[in-house]
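Bear in mind these aren't lab numbers, they're just calculated from the coordinates by the rules spelled out. Because the structure is a prediction, the values reported are computed rather than measured. Positions of Cβ are backbone-derived with ideal geometry, glycine not excepted, and every protein chain shown enters the neighbour counts.
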Amino acid sequence: MWIKTREWKSGTGRIVAGAALGVYGLLGGWGETLVWAKDLACVMKPFLEVSVGPPVEGIIQAVHVERGDWVSQGQIIVTLEASVEEAAVALAKAKAEAEATIKSTQAKVAFSTRKLERAMDLHKSNSIAKHEVDEAQTEKILAEMAHQEAVENKQVAELEWKRATAALNLHRIRSPLSGMVVERLLSPGELARQTPILKLAQIDPLRVEVFAPLSWLGKLQSGMKGEVRPEGSETTYEAKVTVVNRVADSASGTFGVRLEMPNPNNALPSGLGCTVDFHQRP
C-alpha cells in the first residue's frame with residue numbers, strides 16, 4: 001500500500017509516493033483533496049451484551065429460552081418459583097376489590113342525612129328538643145367519617161395490591177433487549193442468588209471496532225462514513241463513525257475507532273473480522 005499525492009501546476013504533474021499501509025490521498029486540479037484510508041483491520045461486535053439475572057433470590061422454575069434463540073425486549077425469559085407471592089397478590093386483589101364496607105358506610109351517611117333533616121324540621125315546630133338535633137348532627141358526622149375511612153382503606157388496599165404485584169414481577173425476568181441468547185448459565189431447579197442466568201447480545205446494529213494507524217489521528221472524525229467488508233465476503237456495508245479514541249496504543253502504533261453498522265434481520269453474525277475503507281473530503 002502507498003500514499004500517493006498528485007499536484008497539478010501549469011499543466012505539469014508531480015507524484016509523491018511513500019509507504020503507509022492502507023492509506024491513499026489524491027489532490028486534483030481544482031485544489032480539492034480526496035482522502036481515504038483503505039483496508040484497515042476491524043472486528044464486528046455486538047452493539048450490546050448483557051448478563052441477565054434475578055433481582056431477588058429464588059429457585060428457578062423455568063427458563064423459557066435456549067442458547068441461540070431470538071428474544072424480544074420485554075419477553076419473559078426466566079420464571080422463579082413464586083407461590084407465596086402469587087397468594088399475596090390474590091389476597092391483596094380481593095381486599096382492593098371489596099366494596100361492601102364502602103356501600104355500607106354510604107348507606108349510613110344517607111340515612112343520617114335524612115334523619116338530621118327530619119330532626120331540624122321537627123325542631124322548628126318545637127316538636128323535639130335541641131339536643132336531639134345535636135345527636136342527629138353528630139350521627140351524620142360520624143357516618144361521614146366512617147365512609148371516609150372506608151375509602152382510605154380501599155386506597156391502601158389498592159396500593160398493597162400494586163406492591164404485591166411488583167414483588168411477583170421480580171420473579172418474572174424479562175429480556176432488556178431484542179437480540180440473541182448467547183449462553184445459559186443456570187437451569188430449572190437451581191437456586192439463583194442474584195447471579196447471571198442468561199447472557200444476551202443485541203447485534204442490530206453492530207459495533208465495528210477499527211484499529212487505525214496513528215498517521216490518521218485527527219483525520220477520522222465522528223459522523224464520517226465507512227465501508228465495511230466482513231471477512232470472507234466481497235459485499236460491503238455502510239457504517240458511521242460514532243467514537244474516535246483520543247488515546248493511542250504506542251505499542252501497535254494504532255488508535256481505536258468505533259462505527260455503528262445497521263444489521264437488518266440480524267443477517268450478519270458478530271465476532272467476524274473485517275476491513276473498512278474510509279472516505280473523507282477535508
Taking the Cβ of M120 as the centre, find all other residues whose Cβ is under 15 Å away and add up their charges (Lys, Arg: +1; Asp, Glu: -1). 0
With Cβ to Cβ distances under 13 Å as the rule, what net charge do the other residues near L80 carry (K, R +1; D, E -1)? -2
Angle in degrees between helix 83-97 and the longest Cα principal axis of the chain, rounded to the nearest 10: 50 degrees
Sorted by Cβ neighbour density within 10 Å, fewest at the top, the residues F255, F47: F47, F255
If you split all Cα-Cα distances of the chain into 5 Å bins from zero, what percentages do you get per bin, shortest first? 1, 5, 8, 8, 8, 7, 7, 6, 6, 5, 5, 5, 4, 4, 4, 3, 3, 3, 2, 2, 1, 1, 1, 0, 0, 0
Let me have the relative contact order for region 126-282, percent, based on Cα pairs under 8 Å that are six or more residues apart. 20 percent
Excluding residues on the same chain fewer than 8 positions from K219, give the aspartates and glutamates whose Cα lies under 15 Å from its Cα. D277
Loop only by DSSP, 15 or fewer other Cβ within 10 Å of the Cβ. Give me the GluC sites (Glu not before Pro) in region 165-213 that pass, ordered by residue number. E190
Relative contact order for the chain: what is it in percent, counting Cα pairs under 8 Å that are at least 6 residues apart? 28 percent
What distance in nm separates the simple spin-label points at S125 and E231, each placed 7 Å from Cα in the Cβ direction? 10.4 nm
Environment charge at S51 (Cβ cut-off 10 Å; Lys +1, Arg +1, Asp -1, Glu -1): -1
Reachable lysines from K130, Cα under 20 Å, same-chain residues fewer than 8 places away excluded? K115, K140
Calculate the tail of P(r) for region 60-136: the fraction of all Cα-Cα distances greater than 20 Å, expressed in %. 67 percent
Under-5 Å amide H pairs with L177, H placed in peptide plane, nonlocal only: G74
Give me the extension gain from D69 to I141: residue separation times 0.36 nm, minus the current Cα-Cα distance, reported in nm with one decimal. 19.5 nm
Please give the FRET efficiency for E260 paired with R172, using the beta carbon to beta carbon distance and R0 = 51 Å, rounded to the nearest 0.05. 0.95
Taking the Cβ of each residue in D277, D134 as the centre, tally the other Cβ atoms inside 10 Å and list the residues starting with the fewest. D134, D277
With an 8 Å cut-off on Cα pairs and a minimum separation of 6 or more residues, tell me the relative contact order of region 30-153 in percent. 19 percent
Hey, could you grab the Kirkwood Rh for region 181-282? Inverse mean 1/r over distinct alpha carbon pairs, Å, one decimal. 15.8 Å
In nm, spacing of pseudo-spin labels at L48 and E86 (7 Å Cα→C-beta vector): 3.1 nm
